[in-house]
Amino acid sequence: MASKAHQLSQKQVIDPAYSSSTADSPRKDSGEWLYSAAQYEEFMKSHTDRVAESVGLAPGPPDSPPVNCSLVFFRKFIEPGNLEIFVNGNTELSLDKANVEALDDEESGSIIIMNSSEGDLLVKVMIDEDSASLPSIKSEGDDWEVSLDGMDFEEPERMPNANEFGFELFDVGVASLEKGKYDAKREIYGYVSVRSKAKPRVHLAESLAEIEYKRSFADAAPAKMVRTHTGSWRTATPAFFRYFSVESGEEFTVTCEAQIRPMEYKGAFHADDELDRIWMSAAYTLRVCTRDVIASGDPGKSPIPPMATLAVGTMANAYAFAEPDPVRDTLRLAAQYGIDATSTENRLWYIFCHDMYQLYFDDREFLEESYDDIKSTLSALAEGAKANDGILPGVSNADEGAEGPSTTLQMIYIMALQSAERIADRMNDVASSELYHENAEALKDKLVEIAFNDDEGLFFSIPGDPSSPVTRHANFLSIVTGFAEEDLAQHISDILLDGDLPSVKTPFMAFFEIMAIYMGGHADEAIGAIRRMWGGMLRAGATTFFETFDPDAVSSEFYAKNGDPFGNCLCHASACGPAALLPIVVFGCEPMADGWKERFQAGKSPIEEAQLTIPTPDGAITLESKEGVISIQEPGDPA
């Protein structure tokens with residue numbers, strides 16, 4: 001039975017595949033598809049290699065020659081009568097090496113084979129070499145065989161469906177706009193199909209302005225289209241988009257499909273329409289970006305996230321979905337391909353992510369598997385700091401191109417050392433725990449000495465350079481780390497609220513700033529900041545949340561980044577923070593021991609009436625605020 005928070009927040013659902021019960025999820029395809037096991041293994045390995053290469057990690061040499069993943073043969077002995085087959089790819093059919101009569105069922109997308117005699121049916125399936133799926137079929141019966149060359153056959157691999165990573169496809173209704181433009185009504189990751197005799201010209205975009213831009217410039221390349229067995233034209237690979245345009249010399253019809261990882265909304269939040277929509281859109285943003293790993297957004301930009309993205313994604317996942325697999329698999333992939341080859345900041349967040357993963361999901365087996373790698377990563381970082389008089393060289397992405405060691409990076413280093421200390425405690429590694437604690441405390445003392453302005457009570461941006469500007473990032477992170485305590489935390493949070501310092505421009509950093517404001521005793525202001533940043537994106541027409549956003553910018557600037565008028569990713573996992581922020585700020589509910597075995601929740605809420613459901617390994621916790629007083633129902637308590 002859906003919780004009260006689930007029921008009251010329903011009207012703000014944006015996810016076309018939303019379900020608080022996986023069994024009820026509106027899947028398009030529930031049957032098993034047949035593959036070549038060798039092709040499936042090769043496809044997944046090549047995908048993993050591409051993901052790793054996208055962030056500069058180096059895959060090792062192949063263990064064996066590559067397998068051709070664009071062609072496969074299926075064989076089955078059939079009796080006289082009709083046989084229905086669904087095919088992913090282009091097909092050639094024969095019965096005992098002779099042509100066979102077949103009919104395309106345009107409504108279902110299947111092929112109906114009409115045969116008057118028995119014999120061996122051979123189905124040859126072909127697909128583009130750069131396709132994001134495998135040649136495969138779906139049909140009744142257990143006696144199909146598969147072959148790579150049409151001669152040596154074996155039993156096929158059976159998987160949920162025939163698209164990338166085996167994730168479901170969901171039909172998405174589209175609204176027809178003027179001049180061949182269409183609106184999927186929300187950002188999706190998926191495909192557009194066009195039924196037309198002539199090959200259509202299709203543009204995909206995240207905003208209407210981007211569609212107009214692409215249609216106006218001849219050098220704007222359209223999406224690659226491939227012909228399907230049903231006669232439709234389909235985008236060759238899945239993409240992030242909301243809007244699309246179609247140009248064709250013939251009459252046409254369009255359909256749109258979202259490719260979504262099956263994930264149940266086990267968690268729920270309700271307060272008011274705006275906050276409900278913010279929570280729903282944040283959770284949906286994360287779900288759209290969660291495939292085999294938690295990805296940032298546009299796969300052409302970064303299929304695997306910076307670990308900073310995973311940091312927020314791990315917490316948001318815990319409150320919305322409680323799905324450990326994508327977090328663990330992202331961490332495992334980073335280790336497998338050499339996290340030490342990435343940036344200093346990325347490695348710091350990697351250690352923090354391991355800590356958060358254990359806190360929310362309590363995966364002891366994975367911790368034991370990863371511990372040596374975590375220690376090795378931190379040891380290499382510590383050597384760099386030791387050679388620089390205790391200050392870690394490098395800058396944070398938040399420093400926006402500044403040079404030299406940054407105070408913001410040192411605060412993230414403190415977070416990583418604190419995480420490493422907790423990880424060592426879990427492993428009963430006393431010596432390492434003490435070392436990490438000592439290093440963190442020594443770095444704090446160093447920063448007080450060379451990066452803190454006593455008169456202003458604020459940290460400046462470059463250690464050892466008092467003339468360097470004071471920025472928000474180092475100061476709010478000092479609160480999040482617990483470095484700035486009590487009166488200093490109150491003072492810094494007051495300064496953050498004054499608005500004199502340049503504002504943050506990313507929802508990712510806004511997450512930590514709002515946590516600092518909340519920790520500084522300003523829960524009402526923290527909620528106001530959530531409404532300003534993420535509510536601002538909703539007011540700008542967002543259905544998922546952006547990589548960068550300035551609430552004070554004019555609308556034409558929302559989509560731009562680094563000189564590209566449409567360079568901003570409008571569905572970025574680093575922006576999913578409110579899925580965790582709202583439960584924390586409104587109910588003060590956070591785990592204090594791994595797997596939610598112990599937790600803290602506030603007695604009073606800044607919201608008069610609100611409901612929350614948190615999924616935990618032991619069952620759902622439900623909290624309710626009535627007139628600002630919080631009550632809690634534990635797993636197993638009578639309703």
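The values are calculated or read from the model by the stated rules, or taken from the named source; none is laboratory data. What you are looking at is a predicted structure, and each value in this text was computed from that prediction instead of being measured. As a convention, Cβ positions derive from the backbone with ideal geometry for all residues, glycine included, and neighbour counts pool all protein chains shown. Side chains included, ligands, DNA and RNA excluded: accessible areas come from the protein's heavy atoms. Shrake-Rupley method; radii C 1.70, N 1.55, O 1.52, S 1.80 Å.
Total residues in segment 568-594 satisfying the condition of being touching a Phe, Trp or Tyr at 6+ places or on another chain (Cβ under 8 Å) and part of a loop (DSSP other than H, G, I, E, B): the figure is 10. Somewhere in segment 444-459, is a residue part of a helix (DSSP H, G or I), free of Cβ contacts under 8 Å to residues at least 60 places away in the same chain and among the basic types (Lys, Arg)? Yes, there is a match, as at least one residue in segment 444-459 is part of a helix (DSSP H, G or I), free of Cβ contacts under 8 Å to residues at least 60 places away in the same chain and among the basic types (Lys, Arg). The number of residues in segment 255-266 that are over 17 Å from the mean Cα position of the chain (by Cα) and open to solvent by less than 30 Å² (accessible area, probe 1.4 Å) comes to 2.
When you scan segment 222-229, do you find a residue that is at pLDDT 95 or above and more than 22 Å from ASP171 (Cα to Cα), even just one? Within segment 222-229, not a single residue is at pLDDT 95 or above and more than 22 Å from ASP171 (Cα to Cα). Evaluation of ALA223 against the conditions (1) farther than 24 Å from ALA102 by Cβ; (2) touching a residue at least 60 places away in the same chain (Cβ under 8 Å) shows that the sole unmet condition is (2). Can you work out which of the residues in segment 86-103 that are open to solvent by 30 Å² or more (accessible area, probe 1.4 Å) and in contact (Cβ under 8 Å) with a residue 24 or more places away in the chain is farthest from SER70 (Cα to Cα)? Taking the candidates together, the pick is ASP96. Filtered by the rule that a residue be closer than 23 Å to LYS597 by Cα and open to solvent by 30 Å² or more (accessible area, probe 1.4 Å), segment 321-358 gives GLU323, PRO324, ASP325, ARG328.
Residues in segment 236-251 that are of a type in the set (Phe, Trp, Tyr) and modelled with pLDDT of 95 or more were compared, and the one that is surrounded by the most Cβ atoms within 10 Å (Cβ to Cβ) is PHE241. Taking residues in segment 370-383 that are in contact (Cβ under 8 Å) with a residue 40 or more places away in the chain, and partners anywhere that are of a type in the set (Gly, Ala, Ser) and open to solvent by less than 50 Å² (accessible area, probe 1.4 Å), the pairs with Cβ atoms closer than 6 Å and at least 6 places apart or on different chains are LEU378/ALA420.
Determine if segment 369-386 includes at least one residue that is surrounded by fewer than 18 Cβ atoms within 10 Å (Cβ to Cβ) and not in a helix (DSSP H, G or I). No - not one qualifying residue is present in segment 369-386.
Could you say whether any residue in segment 527-538 is assigned to a loop (DSSP other than H, G, I, E, B) and surrounded by 16 or more Cβ atoms within 10 Å (Cβ to Cβ)?
Checked segment 527-538: no residue is assigned to a loop (DSSP other than H, G, I, E, B) and surrounded by 16 or more Cβ atoms within 10 Å (Cβ to Cβ).
Going residue by residue through segment 227-235, is there one that turns out to be among the hydrophobic types (A, V, I, L, M, F, W, C), under 23 Å from THR91 (Cβ atoms) and surrounded by fewer than 20 Cβ atoms within 10 Å (Cβ to Cβ)? I'd like the intermediate steps shown before the answer.
Taking segment 227-235 as the starting set, the residues that turn out to be among the hydrophobic types (A, V, I, L, M, F, W, C) are 233.
Remaining after also requiring under 23 Å from THR91 (Cβ atoms): 233.
If we keep only those that are surrounded by fewer than 20 Cβ atoms within 10 Å (Cβ to Cβ) as well, we get none.
Looking through segment 227-235, none of the residues is among the hydrophobic types (A, V, I, L, M, F, W, C), under 23 Å from THR91 (Cβ atoms) and surrounded by fewer than 20 Cβ atoms within 10 Å (Cβ to Cβ).
Scanning segment 460-491 for residues that are farther than 13 Å from LEU409 by Cβ, in a helix (DSSP H, G or I) and aliphatic (A, V, I, L, M) yields ILE479, VAL480, LEU488, ALA489. Hey, among the residues in segment 68-85 that are open to solvent by 50 Å² or more (accessible area, probe 1.4 Å) and not in a loop (DSSP other than H, G, I, E, B), which one's farthest from ASP149 (Cα to Cα)? It comes out as ASN82.
Within segment 617-639, the set of residues being on the phi > 0 side of the Ramachandran plot and either in contact with a strand residue (DSSP E or B) (Cβ under 7 Å, 6 or more places away or on another chain) or touching a residue at least 60 places away in the same chain (Cβ under 8 Å) (or both) comprises GLY628, GLY636. Confirm whether PHE452 is touching a strand residue (DSSP E or B) at 6+ places or on another chain (Cβ under 9 Å), open to solvent by 10 Å² or more (accessible area, probe 1.4 Å), at pLDDT 95 or above and within 21 Å of VAL504 (Cα to Cα). Yes: the conditions hold for PHE452.
If you take the residues of segment 595-610 that are assigned to a strand (DSSP E or B) and open to solvent by 40 Å² or more (accessible area, probe 1.4 Å), which of them is nearest to ASP362 (Cα to Cα)?
Once the filter is applied, the top-ranked residue is ARG599.
Take the conditions (1) within 19 Å of PRO324 (Cα to Cα); (2) hydroxyl-bearing (Ser, Thr, Tyr); (3) in a strand (DSSP E or B); SER625 misses just one of them, which is (1). As a summary of the residue check, TYR35 satisfies the conditions (1) over 30 Å from TYR337 (Cα atoms); (2) modelled with pLDDT of 65 or more except for the one numbered (1). The set of residues in segment 414-428 that are touching a residue at least 40 places away in the same chain (Cβ under 8 Å), open to solvent by 10 Å² or more (accessible area, probe 1.4 Å) and not aliphatic (A, V, I, L, M) comprises GLN418, ARG422, ARG426. Going through (1) modelled with pLDDT under 95; (2) open to solvent by 10 Å² or more (accessible area, probe 1.4 Å); (3) among the hydrophobic types (A, V, I, L, M, F, W, C) one by one, CYS569 falls short only on (2).
From the residues in segment 611-639 that are surrounded by fewer than 21 Cβ atoms within 10 Å (Cβ to Cβ) and of a type in the set (A, V, I, L, M), which one is modelled with the lowest pLDDT? Looking at the filtered set, the residue picked out is ALA639.
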